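Please read the structure below before turning to the comments.
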Amino acid sequence: MTTPPMVSLTIEGRPVAVPAGTSILEAAKQVGVLIPHYCYHPALPVAGVCRMCLVEVEKAPKLAPACATAVAEGQVVHVHTDATHKAREGVLEFLLINHPLDCPICDQAGECELQDYTFQEGRATSRYEEPKRFNPMEDFGGDVLYVPNRCILCTRCVRFMDDVAQDPVLNVSERGDRALIGKAPDHDLTHPWAANVVDLCPVGALLSKDFLNKARAWELDRTASVCPNCSQGCNTIVETRDNVVVRLRPRANEAVNQHFLCDAGRADYRWMNRTDRIVHPLIKVGAEHREAGWEVAMATLASAVRTRPVHVVASAHSSNETLFLLRALIAIAGGRGVFTVRSEGVEEPLPGVPDLARRTERAPNARGAELLGFTRTADPLREVQDGDVVLVVDDALEGIDLAPLARADAVVFAGTVIAPALAQRAVIAIPLTNVVEEEGTFTNLRGRVQRYLQAKTPPALARPGWFVFAELLRRLGAPTPGFVPADIFQALAAQVPPFEGLSYDQLGLQGALVRAEVGV
Amino acid sequence: MGYPHRPHPRETPVLSAHFGDPDARSLTGWRTRGGYVALERALGQTPGAIVDEVKASGLRGRGGAGFPTGIKWSFMRPGDGKPHYLCCNADESEPGTFKDREIMRWTPHALVEGVAIGAYAIGATTAYIYIRGEFTEPLQRVETAVREAYAAGILGADAMGSGHRIDVHVHRGAGAYICGEETALMNSIEGKRGNPRIKPPFPAVAGLFGQPTTINNVESLAAVPHILTRGAAWYQSLQLSNPKSVGTKLFSVCGNVARPGNYEMVLGFPFGEFLEDVVGGAPTGRKIKAVIPGGSSVPMLTRDEAMGAVMDYEGMIAAGTMLGSGGVIVFDDSQSIPRMVARLARFYAHESCAQCSQCREGTAWTTRILERICAGEGTYADLDTLLDIADNMTGKTICVLSDSCAAPVVSGLQKFRHEFEALIPKKQNTVAVAAD
Amino acid sequence: MTHETTADAGPVFIGTIREELEAICARYPSRQAALLPGLWIIQRERGWVSPAAMEEIAGLLGCSAAHVKGVVTFYTMYHQHPVGRHFIQVCTTSPCGACGADDVVRTLLEKTGCGELGVTSADGRFTVIEVECLGACGFATPIMINDEFHESVTPARVPTILAQLK
């Protein structure tokens, strides 16, 4: 494959060199010039219909649409001139004449590109005195509502369904200012990736039913994270208000999920807020469990484990850091580590993006668990030996026969939700944080190690797994890398060959691949 | 021919020589009138030679753009290994224009022959004639002519025994003016909404089905057989004003005139004489007030401006308008310019494909303001707003429908502002007077 | 052209009509190009294009039902609901507007009993609509009744024209 030649041009006085065939709009991004636009999106075929991105190109007779015009050698492009400002002001005015004054009740307010550009470059008052066009709201199926009155006909949604989802259920219907997005009867937005149209919509025309009227964009805190629902590892943004997760959205990562998140992953956030979980350490006293404080809990845990061999049932939902420390525990105490992974359904790809699908493996860190030496099994308790301490971490052992636990000297649980049958047998239950209450890393199915950050504070005494096991190792007199996840990861990278060379700095927020050479 | 009238002595009937003669429609009738001699001869020449002849003739696209036809044909690279297509644009929907309709009704074989020659010249084995859905009679006539041509071996795998394949298919539109735009026409043939495409790529590079394509107007293609039989020099000799505007053009005349109809004039004819003498001026007792010379998308002229203009491409530009499709719309002093402009704006608003923000919203907004003015509820500020909207609609869109809507608005306001102002209520008090 | 007002009965493209569609497909390198001609066949056979018919042709040509609907709603000549037996279209764009087209519309609405544009008369015989330029500007006012052109229509000629329609 031959590389295209480079083209040099000037945009807003800044010189830039890009491969031939690049659009002026993309070239401008590379020198920090944002050309306002609506219909253009890097993941979609170019439409060139909104006309917001018109720029002045010296020696050209008309303004050129930057998204649809390829760079040319020696071009001189101006983004901010009287002519382009008037053109953009004109487009904004045209888009607003039929647009309802819905901001006070529109979900998009605060994250609306029509608001943003109008505030930046639009007219301060309206000259429109005619009746506004009206069409009723429609349910497009799935999670999506369509509000035609707010639609600016950018057609991003149509192009997404046609080219990326490859399920062409949306169209533009009618003509002229009667046009609106339509669909055929009985063909709804049921595609497993359809809800991405809500993100793509620059205005409040396509809305999530789940998020309808729930929170205002400016009330939300946003944190970078990774979806824990399957092994794809789509990058996400966790949005919380007052420490409650109210929405998940995709975070761009060209190597993993481009700009997209599947509907199932998007919808599955309520469990992150659930309160029916253990939040205090519970120690078995006689037949019942009693809440205990941290000191007592850790001392009890340490004495239960001591240096007896451990049978660790780890979880593919645990972070690399937690798994690393459990591996260290197994190294000093003897024993083994296993994990199960639930596999279900069929793979649901997003055909327009290479290697992107909702995977059947419904956990984020199975690859990490394997790389860190844990054995995948469907029967996690089979190898429990007499005298083992069984340490179950973040696994409810649903559907597993618990009889082998009778061989164990002690059963310890650490996690969020514990099933009653298991709770009965556990001498101690330590509350752990869930994925949005801690920071850590996961390794996706392709070996990409990705950081996730803490989005909300954990309840009561719930702590990250790596924190608990670092403390345990310290009490057992074993060397530990400390209590800072970056340091724990540093130690992991130093000791586990596939992770060699990686660090939190190096991972950034787009992740990096484990070393392929080490045959795993 | 001033069809449905007898030809005026000052006309030069070439394409219209057989308008009104039902016998010219059939294959045999056409052959006795010299038909298919040009095609036979052309099939014995190289495509390059035909392109050169058409270039030398100076024929310019008669649909409205006036782009030299020979040069357009020369953009089709021979021997590139790709299927080439010729599309004949018979979508004639520009208000004021009804010439292609007559060519197809009366001399369908002239079009078939022109299409066949054009296809051969650009290396295409397949041509599509895109006829607007409403043209039921032209559709029938052209389909019959195509059938006759196939039956006679003029079209098909071995056109006129030349060894070359020429296939011609008629494709019926379904009610969209915008499909007369060449890239929208291609999308319509492909079974899509008639949305114009962004250029580049240009049709000659990637057009119909992504392949090199040329789109020509009916009148342009109908002129080709005459050029080939009578020679480029003959066509060049048909000029009256400017050597860049040669040949004859069918001018469709409508509105308030004594003799509406199609008139075939040599380019460069004086417009004033045309209006007064050839078409008979305004109806008895009336006076011409305004003329749109080239279909509704070109700026309108006042009577005086029209009287002094010349009927060719350069002449109309010099007069501040364009030759366009040659659809001459005449308004006499009984017409309200604001009402006419409002109705034209409504036309564009109906026909906008809805892609570009300026056109989709601007055509409708313009129409609403104009209708409100016509209803006596306008303001002076509305007039300025109309001009500003027109400016925002010009030069900023994928195709020129947006600019076309602006043309009658701007020219109407520039030249007949007093008529708009007369509709604006003088009393614009906003203070209510309390009863005593 | 028929204008059935009863619900369409079953698929359109069977037997010879299916053959007709396939012959049309052969004219183009892509089956989707047969969509406009195919929709004309549907309208010829059933009088209008129903959602079921759109679904049917979508399947036959390999495009989505949404795409077909986008096409049908773009082009004004495809009826999305049954219309009167005599579908009357009057051009009122400015060149004809300047020649009395509005009077022709008014007379037609009155004489057909429709009263309003787009409304089918009570006896099911007529629907009258305004359309944009019909490309017959020199023969103002042109009207189309189904597939037939009537040129140079004036209010005075309307009764005679209507009398010839069943």
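The values are calculated or read from the model by the stated rules, or taken from the named source; none is laboratory data. Quantities reported herein were computed from a predicted structural model and do not represent experimental measurements. Glycine gets a Cβ as well: all are built from the backbone with ideal geometry, and neighbour counts include every protein chain shown.
The condition of being part of a loop (DSSP other than H, G, I, E, B), touching a strand residue (DSSP E or B) at 6+ places or on another chain (Cβ under 8 Å) and within 14 Å of another protein chain (Cβ to nearest Cβ) holds for only one of C:L165, C:L134, that being C:L134. Please name all residue pairs, on different chains or six or more residues apart, with Cβ atoms under 7 Å, provided the first residue is in the stretch A:242-261 and is under 14 Å from A:Y452 (Cβ atoms) and the second residue is in a loop (DSSP other than H, G, I, E, B) and among the basic types (K, R). Filtered contacts from the stretch A:242-261: A:V245/A:K456. Looking at the stretch B:326-349, which of its residues are in contact (Cβ under 8 Å) with a residue 24 or more places away in the chain, closer than 19 Å to C:I129 by Cα and within 7 Å of another protein chain (Cβ to nearest Cβ)? Across the stretch B:326-349, the qualifying residues are B:L344, B:F347, B:A349.
For the condition in contact (Cβ under 8 Å) with a residue 40 or more places away in the chain, closer than 30 Å to A:C157 by Cβ and touching a helix residue (DSSP H, G or I) at 6+ places or on another chain (Cβ under 6 Å), C:A53 qualifies. Please work out if A:D163 is over 30 Å from B:T367 (Cα atoms), more than 11 Å from chain C (Cβ to nearest Cβ), surrounded by fewer than 21 Cβ atoms within 10 Å (Cβ to Cβ) and touching a residue at least 40 places away in the same chain (Cβ under 8 Å). Yes: the conditions hold for A:D163. Looking only at residues in the stretch A:54-84 that are within 11 Å of chain B (Cβ to nearest Cβ) and touching a helix residue (DSSP H, G or I) at 6+ places or on another chain (Cβ under 9 Å), the one that is surrounded by the fewest Cβ atoms within 10 Å (Cβ to Cβ) is A:A70. I'd like to check something: does the stretch B:282-300 contain any residue that is among the charged types (D, E, K, R) and closer than 30 Å to B:L59 by Cβ? The answer is no; no qualifying residue exists.
Of all the residues in the stretch C:149-166, those that are more than 20 Å from the chain's Cα centre (by Cα), farther than 10 Å from C:T107 by Cβ and not polar (S, T, N, Q) number 1. Looking for something part of a loop (DSSP other than H, G, I, E, B), out of contact with any Leu (no Cβ under 7 Å at 6 or more places or on another chain) and surrounded by fewer than 22 Cβ atoms within 10 Å (Cβ to Cβ) - is there at least one such residue anywhere in the stretch A:310-333? The answer is no; no qualifying residue exists. In the stretch B:314-332, the qualifying residues are those that are touching a strand residue (DSSP E or B) at 6+ places or on another chain (Cβ under 8 Å) and farther than 19 Å from C:G138 by Cα, and the one that is surrounded by the fewest Cβ atoms within 10 Å (Cβ to Cβ) is B:A318.
Apart from one condition, B:P200 fits all of (1) modelled with pLDDT of 95 or more; (2) assigned by TED's automatic domain parsing to the domain that holds B:R105; (3) over 24 Å from C:C137 (Cβ atoms); the exception is (1).
Filtering the stretch C:82-117 to residues that are charged (D, E, K, R), away from chain B (no Cβ under 13 Å) and farther than 18 Å from C:E148 by Cβ leaves C:D103, C:R106, C:E110, C:E116. Note on the stretch C:118-131: among residues that are part of a loop (DSSP other than H, G, I, E, B) and out of contact with any Leu (no Cβ under 8 Å at 6 or more places or on another chain), the one that is nearest to the other protein chains (Cβ to nearest Cβ) is C:G118.
Rundown of residues vs (1) farther than 24 Å from A:A460 by Cβ; (2) in contact with a helix residue (DSSP H, G or I) (Cβ under 9 Å, 6 or more places away or on another chain); (3) surrounded by fewer than 21 Cβ atoms within 10 Å (Cβ to Cβ), yes/no style:
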| site | (1), (2), (3) |
| --- | --- |
| A:D242 | no, yes, yes |
| A:A252 | yes, no, yes |
| A:V256 | yes, no, no |
| A:C262 | yes, yes, no |
| A:Y269 | no, yes, no |
| A:R274 | no, no, yes |
| A:V279 | no, no, yes |
| A:L282 | no, yes, no |
| A:A292 | no, yes, yes |
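Candidates are the residues of the stretch B:73-105 that are surrounded by fewer than 24 Cβ atoms within 10 Å (Cβ to Cβ) and within 26 Å of B:V266 (Cβ to Cβ); the one that is nearest to the other protein chains (Cβ to nearest Cβ) is B:R105.
Of all the criteria given as (1) buried (at least 16 other Cβ atoms within 10 Å of the Cβ); (2) assigned to a loop (DSSP other than H, G, I, E, B), the one not satisfied by B:K244 is (1).
Looking only at the stretch A:156-185, residues that are basic (K, R) and part of a loop (DSSP other than H, G, I, E, B) come to 1 in all. Within the stretch A:91-113, being in a loop (DSSP other than H, G, I, E, B) and in contact (Cβ under 8 Å) with a residue 40 or more places away in the chain holds for A:N98, A:H99, A:P100, A:D102, A:C106, A:D107, A:Q108, A:A109, A:G110, A:E111, A:C112. Scanning the stretch B:173-209 for residues that are assigned to a helix (DSSP H, G or I), more than 16 Å from B:A65 (Cβ to Cβ), at the interface with another protein chain (Cβ under 9 Å from one of its Cβ atoms) and of a type outside the set (A, V, I, L, M) yields B:S188, B:F209. Working only within the stretch C:64-81, note down all residues that are within 8 Å of chain A (Cβ to nearest Cβ) and not polar (S, T, N, Q). Passing the criteria: C:A65, C:A66, C:H67, C:V68, C:K69, C:G70, C:F74.
Among residues of the stretch A:127-152 that are within 14 Å of chain B (Cβ to nearest Cβ), those with a beta-carbon under 9 Å from a residue that is among the hydroxyl-bearing types (S, T, Y) at least six positions away or on a different chain give the pairs A:R127/B:T385; A:E129/B:T379; A:I152/A:Y38; A:I152/B:S357. Hey, any hits in the stretch B:361-372 for a residue that's surrounded by 24 or more Cβ atoms within 10 Å (Cβ to Cβ), touching a Phe, Trp or Tyr at 6+ places or on another chain (Cβ under 8 Å) and among the small types (G, A, S)? Yes, the conditions are met somewhere in the stretch B:361-372. Every condition in (1) more than 19 Å from the chain's Cα centre (by Cα); (2) surrounded by 24 or more Cβ atoms within 10 Å (Cβ to Cβ); (3) of a type outside the set (A, V, I, L, M, F, W, C); (4) not assigned by TED's automatic domain parsing to the domain that holds B:I117 holds for B:P225 except the one numbered (4). Note on the stretch A:458-485: residues that are surrounded by 15 or more Cβ atoms within 10 Å (Cβ to Cβ), touching a helix residue (DSSP H, G or I) at 6+ places or on another chain (Cβ under 6 Å) and under 23 Å from A:A224 (Cβ atoms) amount to 4. Restricting B:E181, B:E143 to residues that are farther than 23 Å from B:I117 by Cβ and modelled with pLDDT of 95 or more narrows the list to B:E181.
Out of B:M300, B:M311, one residue alone is within 17 Å of B:Q414 (Cβ to Cβ), buried (at least 19 other Cβ atoms within 10 Å of the Cβ) and not assigned by TED's automatic domain parsing to the domain that holds B:T397. It is B:M300.
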